[in-house]
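Every read-out reported here was derived from the displayed coordinates using simple, explicitly stated rules and does not represent laboratory data. On a predicted model such as this, the values are computed, not experimentally measured, just so you know. All Cβ positions, glycine included, derive from the backbone under ideal geometry; neighbour counts span all protein chains shown.
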Amino acid sequence: MPKVLELDEIKSRIDVLKLIQAIEDGFVLYSDDKVVVPPVGFLNFKEPPGDVHIKYGYVKDAMCTF
């Protein structure tokens, strides 16, 4: 069964410096045209009301490491 993490647990597991580096690496790859980023997906729900914006993409020629 999946575990639901509380906000404090999530914050304690995040290495901010690694996160910032990963974001920077992503922007560099994007700038070097090494990623594919399709348009944002969008789902709208009536009951219950809400919406979801799906942002996805991948690095060209990358090997999955997980």
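Since only GLY41, PHE27, VAL16 are under comparison, the one whose Cα sits farthest along the positive direction of the charge dipole of the chain, derived from C-beta charges on Lys, Arg, Asp and Glu, is GLY41.
Looking at region 7-59, how many pairs of lysines come closer than 29 Å at the Cα, when each pair is eight or more places apart or spans two chains?
The result is 5.
For VAL35, the residues 5 or more places off, or on other chains, whose built amide H falls under 5 Å of its own are LYS60. At an R0 of 30 angstrom, the distance between the Cβ atoms of SER31 and TYR56 translates into a FRET efficiency of 0.95.
The mean of 1/r over all pairs of different alpha-carbon atoms in region 7-59, once inverted, gives a Kirkwood hydrodynamic radius of 13.9 Å. Label-to-label distance for PHE42 and GLU9 is 3.5 nm, based on points extended 7 Å past Cα in the beta-carbon direction.
When the helices of the chain are scored as -39500 (n - 2.57) per DSSP H run of n ≥ 4 and the total is divided over every residue, the value at 222 nm lands at -10500 deg cm²/dmol.
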